[in-house]
Structures are given as C-alpha cells and as structure tokens.
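Right, one structure below, let's go through it.
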Amino acid sequence: MTGTVDEPERTVRAVRVVAVRGGRTEIRPDRIVGEEPMEIRAAGPDGRAPVSVAVTMRTPGHDEELAVGFLVTEGLIRPGDVTATTFGDVATTAQPENEVTVHLARSLDPAAIATRNFVATASCGICGKASLDQVAVRCDPLGAGPLVAPAILVALPAALRSAQALFEATGGIHAAGLFDAAGGLLLLREDVGRHNALDKVVGAAALAGELPLNDRVLLVSGRVSFEIVQKAAVAGIPIVAAISAPTDLAVDAARRLSMTLIGFLRGDGFNVYTGEERVALGESVGRTPEVERAPEIGRTP
C-alpha cells in the first residue's frame with residue numbers, strides 16, 4: 001500500500017467566489033471538493049442480478065475501495081469473499097462511474113441487506129437504519145497491538161497533513177491515515193465524509209489481503225464517532241487517534257472493544273480515553289480523583 005492520492009476530475013471543481021478580506025472585496029477563482037452519490041451493489045457467484053446495498057454521498061476517487069470497505073466494516077462480507085469490482089454498464093446506467101458492484105465468491109442474502117436499510121450521508125454513515133439493533137456490528141476482540149511512544153503519536157498529525165493533497169487544494173475534506181508503530185504513513189485516503197475515508201482505507205487493505213490491521217495506528221481528521229470506532233475495530237485496528245474529540249458512545253465502544261482511543265492529538269499533547277497500556281507513558285503518570293458526573297442539561301439540582 002502507498003500513501004498516494006489520485007485526483008479524478010470530479011474530485012475537485014473550480015468555482016468563482018466573491019472573497020471578502022479585511023473590508024476588501026475581490027472576485028477570484030477557488031477550488032472546492034466534489035461530492036456525488038454512489039450506489040454500492042453486491043453480486044454473488046450464482047449469476048443473479050446484483051443487489052443494491054447502499055447509496056452514500058462521497059468524494060469520487062478510490063470508489064472500489066469504498067465499496068469493499070463499506071461491505072466489510074458493516075459486517076456484510078469477509079475480505080476473502082471479494083473476487084472483483086466493476087462499475088455500472090454504460091449501456092444501461094446514466095452515470096456508470098457512480099455505481100460500483102462488488103462480486104463475491106459466496107452468495108449474499110438479499111433479505112439480510114434489505115433489513116438493514118442503509119442510507120448513508122457524507123456526515124453520518126448510519127442515518128436511515130431502521131433500529132438500534134442494526135447499528136452494532138459484531139467483530140472479533142482486538143489483539144494486543146503495538147506499544148507506541150508519545151513522541152511518535154504527536155508527530156502523526158503533521159505527517160497526515162503534509163500528505164493531504166485534496167485538503168491542500170480545497171481546505172474542505174476529511175482524511176484517514178494508516179500508520180505503522182514507528183509513525184510511518186502507509187496509506188492515506190480523503191473524502192468529504194470521515195467514515196468514507198476510513199472505508200476506503202479498509203477497502204484498500206482488504207483488496208491487498210492485509211486485514212486484520214492488528215499492528216497499525218489509525219489517525220482521522222476531526223472527531224471520533226461511535227461508527228469510526230466500530231469500523232476500525234472490524235478492521236482489527238487497535239489504536240485510533242483523532243485531531244478532535246471523541247463522543248461518549250465512541251469512548252464506551254472503545255473500552256468494550258479493548259481499543260486504545262486517543263483524542264485532541266495536537267501540538268505536543270493528547271488525551272488517552274481508553275487503552276493507555278498501548279501508549280508508552282512511563283512511570284510518571286499522575287493520578288487525579290475521578291471526575292464528577294456532568295450535570296444533565298436542562299435539569300436543575
């Protein structure tokens with residue numbers, strides 16, 4: 001795997017903007033990130049018509065990886081099930097580049113897909129699922145994973161940022177980067193949706209036969225939601241770090257999955273929310289009393 005990023009024409013678009021800076025106004029060109037719907041389909045080996053699984057809003061590029069990664073992280077297929085990926089038929093599909101079919105070595109039950117009701121958006125991959133039972137995906141417990149030094153962790157954001165070609169062009173796109181325990185960037189994917197960026201990373205690893213990623217570190221731009229933790233766990237990633245904050249459900253899920261979850265990875269510091277045993281903190285870790293439970297919003301004492 002490599003850290004390179006391709007940039008199809010539909011990934012970045014040129015626009016005209018009226019820029020206001022310091023009271024001055026000028027008309028100038030700008031570049032914005034692309035966002036288009038993509039239908040993910042699955043086809044078994046029995047010659048049946050492909051089954052539509054989901055439609056997600058994404059930034060075009062690495063679309064086969066996104067489709068495979070989505071099916072893997074949603075628990076619908078195993079990495080070894082994939083035999084090929086194809087785009088839509090130009091003879092029957094108006095936008096064949098926005099339709100990806102993942103061909104499988106085993107049959108996939110259409111009824112199982114239909115009950116999950118996937119309607120993914122750029123900001124939320126679980127929107128539209130019909131019940132809470134459809135949110136959780138079972139996965140194997142995470143292994144021991146690597147031990148990572150704080151100096152390695154604090155260097156990751158700069159490595160991620162320097163490789164973000166699309167962010168450099170547009171300033172408006174998320175990234176997921178896969179690192180080794182020494183801080184080397186192995187793979188970077190960018191997308192308007194942070195969960196899509198992660199699915200592209202997982203899909204690339206699946207297609208390369210590299211899952212589970214049990215000796216890797218994942219860094220995501222922005223915050224960490226429950227879904228990011230779950231998708232990373234399905235891929236076997238034991239350490240997940242983020243530039244911003246985790247949600248409470250993400251922390252609960254990481255603790256349950258024995259994952260190391262790191263937030264606010266900025267400058268020379270970070271917070272370890274769970275799994276501190278994978279961070280080489282030494283013997284100087286100070287202890288403070290347990291924090292009090294936060295007051296409920298809207299309730300008076």
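Residue count for the stretch 142-167, restricted to those that are polar (S, T, N, Q) and more than 17 Å from the chain's Cα centre (by Cα): 1. Right, G128: at pLDDT 75 or above and either surrounded by fewer than 18 Cβ atoms within 10 Å (Cβ to Cβ) or assigned by TED's automatic domain parsing to the domain that holds G44 (or both) or not? So G128 does not fit the description; no. Restricting attention to the stretch 23-35, the residues that are at pLDDT below 90, surrounded by fewer than 18 Cβ atoms within 10 Å (Cβ to Cβ) and farther than 14 Å from E168 by Cα total 1. The single condition among (1) under 24 Å from the mean Cα position of the chain (by Cα); (2) on the phi < 0 side of the Ramachandran plot that H62 does not satisfy is (2).
If you go through the stretch 75-96 and keep only what is in contact (Cβ under 8 Å) with a residue 12 or more places away in the chain and closer than 15 Å to P212 by Cα, you end up with G75, I77, P79, G80, D81. Pairs meeting the criteria (first residue in the stretch 97-111 and modelled with pLDDT under 90, second residue assigned to a strand (DSSP E or B) and surrounded by 21 or more Cβ atoms within 10 Å (Cβ to Cβ), beta carbons under 7 Å, at least 6 apart or on different chains) are L108/A42. For the stretch 168-183, state whether one or more residues are farther than 26 Å from R78 by Cβ and among the polar types (S, T, N, Q). Looking for residues that are farther than 26 Å from R78 by Cβ and among the polar types (S, T, N, Q), one finds at least one in the stretch 168-183, hence yes.
The values are calculated or read from the model by the stated rules, or taken from the named source; none is laboratory data. Keep in mind that this is a model prediction, so the values were computed, not measured. When we count neighbours, we look across all protein chains shown, and the Cβ atoms used for this are built from the backbone with ideal geometry, even at glycine.
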